Amino acid sequence: MSGDVTEVLAGFAASLQYDDLPRHVQDHCKNVLLDTLACAVAGHRGEETEQLAALARGLAESGDSSVIGGGRLSLAGATILNGYLVTAVTMCDIHRSTLTHVTPEVIPPALLIAERDGLSGRDLLVAIAAGCEVTTRVGIGTDYPAMRAKGWHGPGVLGPFGAAAAVGRLLKFDTETMAKAFGLAGSQAAGTFAAWGTPTVKFHQCRGALSGLMAALLAEQKFLATREFLTAKDGGLFNTYSNGGRPENVTADLGKRWELEQIALRLWPSASSIQGMNTALFDLIEKHKIDPARVKKVRVALSQPVFDLHGKLARYKAKFDALISGHYTAAVILHDQELTLDQFEPARYDDPKLRRAAAEQIELRPDAALTGVQAVVEIDTDSGTLTARCEHPRGSAENPLSRAQIESKFRTYADGVLTPSAIAGTIDAIGDLENLGSVKKLMDMLRAPPRQAERAKRAVAHG
């Protein structure tokens, strides 16, 4: 494609139509949406969710927009709270080549604008595709290793572009307006790994959603902004956040090869980078019916970057540490032989037996021969050693989750937050999203009944 990279990408997002989406792309977008909602209803169990809810309530006083599993807030408040809910308990998506969570930024503002304007499920489907493709395309254009070396965290840097693309598509932007929205999104790109180990890394996601929403709404008002943000020599994204990037990746086979299909989902809570370890452990447990009492040692080899992030928390502190600790996650998988949010409640991770197992029974080490999320697990039992290697975690493009698995995840975490009829109705509506007359109907189902919303709020407030 000819023209400036930003303008070409803007033209793609602005002109994308339902008929441009292959069936496999439509199906992946539906899976991503349902998984996002599963994560959001689970997010009401997040430790700091009520703190974000207080921020969201303070942004404005109106109650026009729906909170997933909650009540109503302002458009800005619901965007930031829904974005946080998706990522609150560390079980949302990941675009692996850029270590970027995409759905917390893209889907909340898309849902809320579609709700506000009474748009159709087909409109929403196209917007999600546009937002996810823009986020991932900008990501592969950065030359991510160079961006990471500078300390930047993908969701807050890349996410605003996808959010702006999704909202801009719903607002029917032309190419020029979309390019300006990208300029305004890029002017808000931020978030670094200095926040690692704290919930602030999750705040990057919801703030990215709000930044993209503001960028699109301001562009709608014809606010003057650069139309060449990605490749601008002075201050452009690729030159400032990276090493000049690989802008050719942004437009290569655009609309033919869908980078959004590389967005991986998570079957289990815990850090995205240790899903390879989780997969290898469950492969062994399911195949060999391992008795934890007969296990002497569990040795896990990880790539160096993953070890640096998750291999040094043998003595974790509280819930967030437990969610990102490779030691605790391996220990609880071994002893409980399941991994849900119940394994990340204080009663479980503070169990002295589990703390001792994480510190003494689990051994993690880096292996230079491994890359990305590859993992090798060895379990020493009193009858020998069992070994498994994971190349592609469950939920990755090469080892995808089935629709049934995603539906089960949604049902598990929506139970007690939404009514049974709303749970069933949401699954049906997303399965037939292209024929949904109005997204308002979906959002009506996703709001919790008043009593349940209040109970969820009190439960979060009191831990």
Estimated dipole of the stretch 16-60 in Debye, rounded to 20 [Cβ of Lys and Arg +1, of Asp and Glu -1, Cα centre]: 100
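State the extension gain, in nm to one decimal, for the chain segment bounded by Glu61 and Thr192, taking 0.36 nm per residue of separation less the distance between their alpha-carbons.
Working: separation 131, 0.36 × 131 = 47.16 nm, distance 3.09 nm.
Net length gain for the segment: 44.1 nm.
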Over the stretch 250-340, equivalent-ellipsoid semi-axes from the Cα gyration tensor in Å: 30, 17, 12
Highest to lowest packing among 95-104, 288-297, scored as the average C-beta count within 10 Å: 95-104, 288-297
For the chain, with +1 on Lys and Arg beta carbons and -1 on Asp and Glu, the positive-most of Met277, Ser325, Ser421 along the dipole: Ser325
Reachable lysines, given that their alpha-carbon falls under 17 Å from the alpha-carbon of Lys317 and they are not under 8 places away in the same chain: Lys353
Most positive-pole-ward Cα, Ala448, Ile263, Gly244, against dipole of the chain from beta carbon charges: Ala448
Lys, Arg +1 and Asp, Glu -1 on Cβ, resulting dipole of the stretch 264-381 about Cα centre, debye, nearest 20: 240
Given Lys172/Lys440; Lys30/Lys440; Lys30/Lys441; Lys30/Lys180, the pairs whose alpha carbons are separated by over 23 Å: Lys30/Lys180
Mean shadow area of the chain over all directions, Cα convex hull, nm²: 20.4
Kirkwood hydrodynamic radius of the stretch 100-195, from inverse mean 1/r over distinct Cα pairs, in Å: 13.4
Sequence-distant aspartates and glutamates (8 or more away, or on other chains) whose Cα lies within less than 19 Å of Lys150: Asp234, Asp308
Rotationally averaged projected area of the stretch 29-154 (alpha carbon convex hull; nm²): 7.9
All aspartates and glutamates inside 12 Å of Lys312 as judged from Cα atoms, apart from same-chain residues fewer than 8 positions distant: Asp321, Glu363
Dimensionless Rg over Rh [the stretch 321-442; C-alpha; Kirkwood]: 1.08
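Go through 68-80, 348-360, 182-194 and give me the packing order, highest mean Cβ count within 10 Å leading.
Per-residue mean Cβ counts within 10 Å order the peptides as 68-80, 182-194, 348-360.
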Apportionment of accessible area to carbon and sulfur, the chain, percent (1.4 Å): 50
Angstrom value of the Kirkwood radius, inverse mean 1/r, which spans all Cα pairs in the stretch 1-87: 15.2
Magnitude of the charge dipole, the chain, Cβ model with Lys/Arg +1 and Asp/Glu -1, debye to 20: 880
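The values are calculated or read from the model by the stated rules, or taken from the named source; none is laboratory data. On a predicted model such as this, the values are computed, not experimentally measured, just so you know. As a convention, Cβ positions derive from the backbone with ideal geometry for all residues, glycine included, and neighbour counts pool all protein chains shown. Surface accessibility is based on the protein's heavy atoms, side chains included, excluding ligands, DNA and RNA. Shrake-Rupley method; radii C 1.70, N 1.55, O 1.52, S 1.80 Å.
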